[in-house]
Amino acid sequence: TMTAGGDHVTITIIEDFPILQAQPSNVETNIPGTSVVAMPLNSRNFIQLSTLAPGVELPPGTLLPRINGGRPRTDEYLYDGISALQPEPGQVAFFPILDDIEEFTIEANNVPAEFGRFNGGVVNVATRAGSNTLHASLYEFLRNEDLNARNYFASAAPAPKPEYRRNLYGATLGAPILHDHLFFFGDYQGIKALIGRTVISTIPTMNERQGIFTGVSHIYDPSTATGINPRTEFPTDVIN
């Protein structure tokens, strides 16, 4: 636009400039520690929460996730910036206790160049630290056979359920050593389990132990099989 006034001419030029993306292009999912502790997890393993991130699959019966189709042992696991992988075959050395996790992040795609040694994804865990105030927690998770169903193949006669006693317990403690300078945080978790199971087996009857299979099954003499000749059945299915 042009505006003329006296001896002066004002020219204003307006152009549309594209707005560049200010955020990085990597695909990541951050899960805070409050959610980690609040989620009901069997065995209390935080890696089960990795499936909340897009592109992550944890097949039943497996321990390590597949990130964006990668093999489970091609991911990187960092605990406070330190790799937690064994050199070979890429197994995770240990999984931290849930109450020790401040937050963790799943880097699933377009991972920044600062990460390396992987061709799948990155599981980045930040652990908790102490503070100027005292913090502590105590917990126990109990499971027993009183809430278990009876084995489908168990005898119809009244019988006690197999024992199932599983106690998972632990505690955390964080406190200052030097105010504003030095802190500590520690945790402990233990598991005690007493697990019984119902086993269904078939054992021979007293007659079968004596070679009497009459009315039970046809029994053939293996020594009578010669060439293309079929085996001969024992008379009355009794092994003499």
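In a shell of Cβ-Cβ distance under 11 Å around residue 142, excluding residue 142 itself, what net charge do Lys and Arg (+1) and Asp and Glu (-1) give? Don't jump to the answer; show the numbers that get you there.
Details: positive: 143, 165, 166, 192; negative: 140, 146.
So the surrounding residues net to +2.
Roughly what % of Cα-Cα distances in the stretch 190-231 sit above 16 Å, to the whole percent?
It works out to 66 percent of all Cα pairs.
Cβ neighbours within 10 Å, averaged per peptide: list 46-59, 26-39 in order, most packed at the top.
Output ranking for 46-59, 26-39: 46-59, 26-39.
Assuming 0.692 mPa s and 37 °C, estimate D for the chain with Stokes-Einstein, Rh taken as the Kirkwood radius over Cα pairs, in µm²/s.
Approximately 130 µm²/s, per Stokes-Einstein.
Cut-off 10 angstrom, C-alpha nodes, Gaussian network model of the chain. Which of 181, 218, 135 fluctuates the most?
Result for the chain, Cα springs under 10 Å: 218 fluctuates most.
What net charge do the residues around residue 42 carry, taking every other residue with its C-beta under 11 Å from that of residue 42, with Lys and Arg at +1 and Asp and Glu at -1?
Details: positive: 44, 143, 166; negative: none.
Value of the local net charge: +3.
If you scale each eigenvalue of the Cα gyration tensor by 5 and take the root, what three semi-axes come out for the stretch 105-240, rounded to whole angstrom and sorted largest first?
65, 28, 12
Can you give me the long-range amide H partners of residue 127? Hydrogens built in the peptide plane at 1.01 Å from N, cutoff under 5 Å, separation of 5 or more residues or another chain.
80, 102
In the chain, carbon and sulfur make up what percent of the accessible area (probe 1.4 Å)? Spell out each step's value before the answer.
On the way: 9590 of 16960 Å².
Solvent-exposed carbon and sulfur of the chain make up 57 percent of the total.
Return a whole-number percent for the relative contact order of the chain, with Cα pairs under 8 Å and 6 or more residues apart as the contact set.
Details: 386 pairs, mean separation 32.8, N = 240.
Relative contact order comes out at 14 percent.
So for the stretch 131-173, what percent of the C-alpha to C-alpha distances run longer than 13 Å?
Details: 606 of 903 pairs.
Of the Cα pairs, 67 percent sit more than 13 Å apart.
Where only protein heavy atoms count, and the probe is 1.4 Å, what is the accessible area per residue for the stretch 55-141 in Å²?
Result: 56 Å² of accessible area for each residue.
Counting only other residues whose beta carbon sits under 15 Å from that of residue 152, what net charge do I get with K and R as +1, D and E as -1?
With Lys, Arg at +1 and Asp, Glu at -1, the net is +3.
Taking the Cα atoms of the stretch 158-214, what is the range of coordinates along each of the three principal axes, in descending order and whole Å?
Result for the stretch 158-214: principal-axis Cα extents of 87, 24, 10 Å.
The values are calculated or read from the model by the stated rules, or taken from the named source; none is laboratory data. Since this is a predicted model, take the numbers as computed values, not measurements. With ideal geometry, Cβ positions are generated from the backbone for all residues, glycine too; neighbour counts draw on all protein chains shown. Surface areas here come from the heavy atoms of the whole protein model, side chains and all, with no ligands, DNA or RNA. Shrake-Rupley method; radii C 1.70, N 1.55, O 1.52, S 1.80 Å.
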